[in-house]
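Okay, so here's the structure we're looking at.
The values are calculated or read from the model by the stated rules, or taken from the named source; none is laboratory data. Remember, predicted model here, so these are calculated numbers, not experimental data. Note that each Cβ is placed from the backbone with ideal geometry, even for glycine, and that neighbours are counted across all protein chains shown. Calculation scope for accessible area: heavy atoms of the full protein, side chains included, ligands and nucleic acids excluded. Shrake-Rupley method; radii C 1.70, N 1.55, O 1.52, S 1.80 Å.
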Amino acid sequence: MKTLRFGFIGAGFMGKAHAQAIRALPICFPDLEVDLQLQAVAASSAATAKVAARRFGFAEVEEDWRTLIAREDIDVVSILTPNHLHHEMALAAAAAGKHILLEKPMAMTVAQCEEMEAAAQKAGVRTMLCFNYRRTPAVIHARAVIDQGWLGRPRAFRGRYLQDWLADPDAPVNWRLAGSSAGSGTLGDIGSHVVDFAHYLLGDIDRVSAMLRTWVAERPSDGGGRQAVDVDDEVMCMLEFANGAIGSIEATRFAPGRKNDLGFEINFENGSLAFDYERMNELKVCDFRSDEPDFKTIHLGPRHPYGAHFWPIPALGMGYHEVKMIEIHDFARAVAFGEAVHPDFADGVRNQKVLAAIQASAGHGAWHAA
Ligand code: NAI
Ligand code: SOE
């Protein structure tokens, strides 16, 4: 049995998700043959890290993320902090020869991402970027149906990620609303997930034409008073893929009533696929050549990707937790057994290039190469 000792930097929403997944992995993947250990955790303060260590089950706490990375008893560094810290932390982890599991978006700029990718290559460490939604079994199944070939040529991709947690103009600012800590707003935070769907399902994007809007220019801040918002709130974008398909991406945190409406519809010559994360245990497939050329619902279950590791009956239901388990399972196998894994840092560079092209296009109001 191989062992992988994890060091987490960050113990918030993603700290919880990653720790829970690691702890549950031996229950659902007894065949993994890798012992995953929660070795040490660092956060923005020692007190936060101590509470997390107790809650999540870490053996030890580090006061400073740099000393966590320097520890000899850490094999994988999981970077689970606000976006502006990803670059510096990933460079340090690569320099120390640690494998890196990094939350999205990869970093603040394409140049930062390229530097991170080069550093990981030079150090010979494995990397993975946490665009976890592509590991939803229904999405993996969608890709498998595309690979079967019968759908024919792809024509149109419509991708969306709609939330409403900022629709209230008095919702307070947090790090996701400042350019200095988030890089971009809705675009990098959730639009990046849709770009990942587009890459995973249809391949390279050649060019984009986009609009960005900021709807609420200032919000209540923690310390009282109001703080300016300098990131985008809404993204509307048209795409052209290298394979000739065209498409659109919409992302917003201002769609009243939409909680986590992440999804896509793809139209092909011979049929269509549709996925809606709020019904993540279903995939809709239309075979337009059949006698009933309507969407049929496939209920994901044990016969679908990773399904046998979870529940014995279709439609019993998997959630965000199981998707994070699949993600960390795949990364652990990549590190322990040298298996291929995507999205890695090279895929992250591709993703960030599309985000940068969207920003550039929105700035000059014309098509921009991705
Ligand atoms: P959060 O605000 O809940 O937690 C951030 C953590 O980083 C906190 O524990 C904080 O103590 C720590 N931290 C902040 N500054 C630090 C520093 N200088 N040194 C060490 N630790 C520091 O944020 P959340 O939601 O967990 O987001 C973290 C990352 O994960 C972001 O990049 C975000 O975009 C991404 N994310 C990804 C999701 C996904 O579905 N893949 C979902 C939510 C977030
Ligand atoms: C907030 O918009 C957020 O937590 C994003 O940061 C995640 O990436 C998304 O998956 C859920 O919503």
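When a 1.4 Å probe is rolled over the protein heavy atoms, the share of accessible surface on the range 23-182 that falls to carbon and sulfur comes to 51 percent. Label-to-label distance, Asp168 versus Trp150, with points set 7 angstrom from Cα along the beta-carbon direction: 4.8 nm.
Residues of the range 334-370 with an amide N closer than 14 Å to a point placed 7 Å from the Cα of Ile246 along the Cα-to-Cβ direction: 367.
By Kyte-Doolittle mean hydropathy of at least -1.0 and Cα axial length of at least 24 Å, which whole DSSP H helices of the chain are selected? TM-like helix candidates: 320-337, 345-364.
Indicate the gyration tensor shape class of the chain (rounded, prolate or oblate), computed on the Cα atoms with a ≥ b ≥ c the square roots of the eigenvalues: a/c under 1.5 is rounded; otherwise a/b larger than b/c is prolate and the rest oblate. Oblate shape, in that a/c is at least 1.5 and b/c is the bigger or equal ratio. Taking the average, over residues, of other Cβ atoms within 10 Å as the packing measure, peptides 127-137, 233-243 rank 127-137, 233-243 from highest down.
Taking packing as the residue-averaged number of other Cβ atoms within 10 angstrom, the listed peptides 305-317, 86-98 run from highest to lowest as 86-98, 305-317.
For the range 2-131, the per residue solvent-accessible surface stands at 41 Å², with DNA, RNA and ligands left out and a 1.4 Å probe. Using 0.36 nm per residue and subtracting the Cα-Cα separation, the extra length available between Thr109 and Trp215 on full extension is 35.8 nm. Rolling a 1.4 Å probe across all protein chains gives Ser184 an accessible area of roughly 10 Å². When you count the other C-beta atoms within 10 angstrom of each residue and take the mean per peptide, 329-336, 141-148 line up highest first as 329-336, 141-148. Count the lysine pairs in the range 2-131 whose Cα atoms lie under 22 Å apart, taking only pairs 8 or more positions apart in sequence or on different chains. Summing the qualifying lysine pairs gives 6.
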